[in-house]
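See below for the structure under consideration.
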Amino acid sequence: MSPSRTDPPAKRLRVVVVGAGLGGLAAAIAISRTGLAEVQVLEAASKLGELGAGIQVSPNCSRLLIRWGVDKYLADNVVLPRYGRVIRWQNGEVLAQAPMMPQIQEKYGFPHWHVHRADLHEALRKKVEELKIPIKVNAKVIGADVDDASITLHTGEKINCDFIVGSDGLRSSMREVVLKGEEAAPPFVTGDYAYRFTVPTEDMAGDPVLADCVKTPMAIGWWGPGMHVVGYKLRNETMFNVVTVFPDDGTMDNTYKMEGEIEHLKELYKDWCPQVKALLDRARPGTVTKWKLMDLPPLQRWHRGKLVLIGDACHPMLPYQAQGASQAIEDAAALAQCLRLLPLRDVGPVFQQLRYSRATQIQKFAREQRGKNHMLDGPEQEARDAAMKDASTAARSAYAWTWAAEDGEPPKPWNEGLFGYDAEEEALRRIRKLGYSVDDE
Ligand SMILES: Cc1cc2nc3c(=O)[nH]c(=O)nc-3n(C[C@H](O)[C@H](O)[C@H](O)COP(=O)(O)OP(=O)(O)OC[C@H]3O[C@@H](n4cnc5c(N)ncnc54)[C@H](O)[C@@H]3O)c2cc1C
């Protein structure tokens, strides 16, 4: 996109991005690409890096990463899933199998990737470096003045700028500044924990029970009462990512992440099908992490003065729709267009207007998907399974939602609304509709 912003004329905005997670780095890239701003990123941690393992990047996000030239740094690390498969927990019965790639690419013009979070983070970091955007680590932000756009670090250092992006995640300090304590409600527990670990695929290929999981790249979900397991290949198919979600057992009251207990993991799934048990048998000590899945009540506002929140800071996504990072990256794209085209005072309100309904809708469906994955065995589950097994309607039955109409648009099937979305184009369309001038007309 070529620069067009004329307010203030010929002056480059100074934008500070708080938090160098996936959303913060994406925001730095998208804003810097407008050519109208000097961006600096502040990160509390002493070194950059991402924890966790796999992440699903759907075409609504890959289209942005490709447009921004981040994909070249992902190189061979992405995996293209051939199918999405759902399996019944108890007997290994395949309930549904839907094609993913290349069909997704053919339909939406962009791929669906499975990628290691560390690889995606590193690719974004390399792009940030290419754009010569400075990242300051050991820079914990403890306060911000939203009127004069200044930041205070834990060292007492003050940094002045023109605009602040709060991308400091679920436990955001910038959210407290936006909410000013009035409407602030802390993140709450969802009732679910997750174990995450990876297994070398070559080990699985030689195991007759597990070989099928790694023969063809696919996203596999084993669905059972109150729990589920997800698995897919990463890193040029060398690694199999496993996430198991299960009910809160009260062992994480004072933390949200800790080392996982393998015996507990196996005990939880001891009645599941041989494939799941064989997979969990491959978990190695020191490689399993246990996570508390947290949520946040809907916020009334995502902005105040010259500060805007993006990503998990304002709309954390439960993992059931695999959209948290993708939505943070969509936010980054939309915010860059707001900064490029709007007077600064309008950036926050218009950004929230552009993004609120979509992010809230996806949050809602992620919460609802939990119920679909975790149905207790009984008539409702039998009806779900029968619908999923019906090949003619499998995909529709499994995801039988529509994408609610916005702006007078007709409703669309859920996947179309989710995957077919271009956050940059949509921001331009809506900004134009609000009566602002958009240069590429
Ligand atoms: C089990 C699980 C599976 C998931 N799977 C997927 C998936 O498949 N696809 C998907 O799209 N999403 C997935 N997600 C969600 C996704 O990981 C998050 O939504 C996404 O990483 C949020 O990015 P963010 O940049 O907003 O926040 P974060 O990644 O949390 O980054 C925040 C950054 O801010 C820094 N920070 C915090 N406080 C301060 C401060 N005061 N000063 C300076 N820096 C600060 C932090 O150190 C961190 O680097 C999953 C999540 C979980 C738990």
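The values are calculated or read from the model by the stated rules, or taken from the named source; none is laboratory data. All values derive from a computational prediction rather than experimental measurement. We place every Cβ from the backbone using ideal geometry, glycine too, and count neighbours over all the protein chains shown. These accessible areas exclude ligands, DNA and RNA; they are computed on the full protein's heavy atoms, side chains included. Shrake-Rupley method; radii C 1.70, N 1.55, O 1.52, S 1.80 Å.
Just one of (1) within 16 Å of the ligand (Cβ to nearest atom); (2) surrounded by fewer than 18 Cβ atoms within 10 Å (Cβ to Cβ); (3) within 30 Å of VAL276 (Cα to Cα); (4) modelled with pLDDT under 90 fails for GLU50. It is (2).
One residue stands out among those in the range 304-315 that are open to solvent by less than 10 Å² (accessible area, probe 1.4 Å) and within 10 Å of the ligand (Cβ to nearest atom): the one that is farthest from ARG432 (Cα to Cα), which is ALA313.
Give the range 316-336 a look and list any residue that's touching a strand residue (DSSP E or B) at 6+ places or on another chain (Cβ under 9 Å) and either open to solvent by 40 Å² or more (accessible area, probe 1.4 Å) or polar (S, T, N, Q) (or both), or say none. The answer is PRO319, GLN323, SER326. Considering only residues in the range 316-365 that are closer than 20 Å to GLY21 by Cα and outside any helix (DSSP H, G or I), the one that is nearest to the ligand (Cβ to nearest atom) turns out to be ALA322.
Would you mind stating whether GLU122 is farther than 19 Å from LEU234 by Cβ, of a type outside the set (Lys, Arg) and surrounded by fewer than 19 Cβ atoms within 10 Å (Cβ to Cβ)? Please lay out each step first, then the result.
Numbers: farther than 19 Å from LEU234 by Cβ: no; of a type outside the set (Lys, Arg): yes; surrounded by fewer than 19 Cβ atoms within 10 Å (Cβ to Cβ): yes.
In short, no.
Within the range 19-43, no residue that is free of Cβ contacts under 8 Å to residues at least 40 places away in the same chain and within 15 Å of GLY311 (Cα to Cα) sits with its Cβ atom under 6 Å from a residue that is more than 8 Å from the ligand (Cβ to nearest atom) and open to solvent by 10 Å² or more (accessible area, probe 1.4 Å) at 6+ positions apart or across chains.
Could you grab me the full set of residues in the range 142-171 that are open to solvent by 10 Å² or more (accessible area, probe 1.4 Å), closer than 28 Å to THR255 by Cβ and either touching a helix residue (DSSP H, G or I) at 6+ places or on another chain (Cβ under 8 Å) or more than 10 Å from the ligand (Cβ to nearest atom) (or both)?
ILE142, GLY143, ALA144, THR152, THR155, SER167, ASP168, GLY169, LEU170, listed by residue number.
Only one entry of PRO225, PRO187, PRO208 meets the criterion of being under 30 Å from MET294 (Cβ atoms) and surrounded by fewer than 17 Cβ atoms within 10 Å (Cβ to Cβ), and that entry is PRO225.
Against the criterion of being farther than 30 Å from PRO187 by Cα and either touching a residue at least 24 places away in the same chain (Cβ under 8 Å) or within 11 Å of the ligand (Cβ to nearest atom) (or both), PRO134 qualifies. Picking from residues in the range 284-293 that are over 18 Å from the mean Cα position of the chain (by Cα) and buried (at least 20 other Cβ atoms within 10 Å of the Cβ), the one that is farthest from the ligand (Cβ to nearest atom) is VAL288. Across the range 136-153, the qualifying residues are those that are assigned to a loop (DSSP other than H, G, I, E, B) and within 28 Å of the chain's Cα centre (by Cα), and the one among them that is nearest to ARG171 (Cα to Cα) is LYS140. Pairs linking a residue in the range 304-315 that is part of a strand (DSSP E or B) to a residue that is open to solvent by less than 10 Å² (accessible area, probe 1.4 Å) and near the ligand (Cβ under 7 Å from one of its atoms), with Cβ atoms under 7 Å and 6 or more positions apart or on different chains, are LEU309/SER172. Specify which of the listed residues (GLY69, GLY92, GLY84) is small (Gly, Ala, Ser), more than 21 Å from the chain's Cα centre (by Cα) and more than 12 Å from the ligand (Cβ to nearest atom). Checking each option against the conditions leaves just GLY92.
The number of residues in the range 337-364 that are open to solvent by 20 Å² or more (accessible area, probe 1.4 Å) and either basic (Lys, Arg) or over 30 Å from LEU13 (Cα atoms) (or both) comes to 3. Residues in the range 294-303 that are assigned to a strand (DSSP E or B) and either near the ligand (Cβ under 9 Å from one of its atoms) or within 24 Å of ASN160 (Cβ to Cβ) (or both): MET294, HIS303.
Give the residues of the range 53-66 that are farther than 12 Å from ALA333 by Cα and either open to solvent by 10 Å² or more (accessible area, probe 1.4 Å) or within 7 Å of the ligand (Cβ to nearest atom) (or both), sorted by residue number. Those that are farther than 12 Å from ALA333 by Cα and either open to solvent by 10 Å² or more (accessible area, probe 1.4 Å) or within 7 Å of the ligand (Cβ to nearest atom) (or both): GLY54, ILE55, GLN56, VAL57, ILE66. Please work out if GLU368 is farther than 26 Å from LEU120 by Cα and part of a helix (DSSP H, G or I). When the stated conditions are applied, GLU368 passes them. Tell me, yes or no, whether the range 257-280 has at least one residue that is of a type outside the set (A, V, I, L, M, F, W, C), in contact (Cβ under 8 Å) with a residue 40 or more places away in the chain and within 30 Å of VAL165 (Cα to Cα). Yes, some residue in the range 257-280 is of a type outside the set (A, V, I, L, M, F, W, C), in contact (Cβ under 8 Å) with a residue 40 or more places away in the chain and within 30 Å of VAL165 (Cα to Cα). Out of curiosity, is ARG117 within 15 Å of the ligand (Cβ to nearest atom), of a type in the set (D, E, K, R) and either surrounded by fewer than 18 Cβ atoms within 10 Å (Cβ to Cβ) or farther than 30 Å from PHE240 by Cα (or both)? Answer is no for this residue.
Got at least one residue in the range 234-251 being within 14 Å of the ligand (Cβ to nearest atom), in contact (Cβ under 8 Å) with a residue 40 or more places away in the chain and among the basic types (Lys, Arg)? Checking the range 234-251: not a single residue is within 14 Å of the ligand (Cβ to nearest atom), in contact (Cβ under 8 Å) with a residue 40 or more places away in the chain and among the basic types (Lys, Arg).
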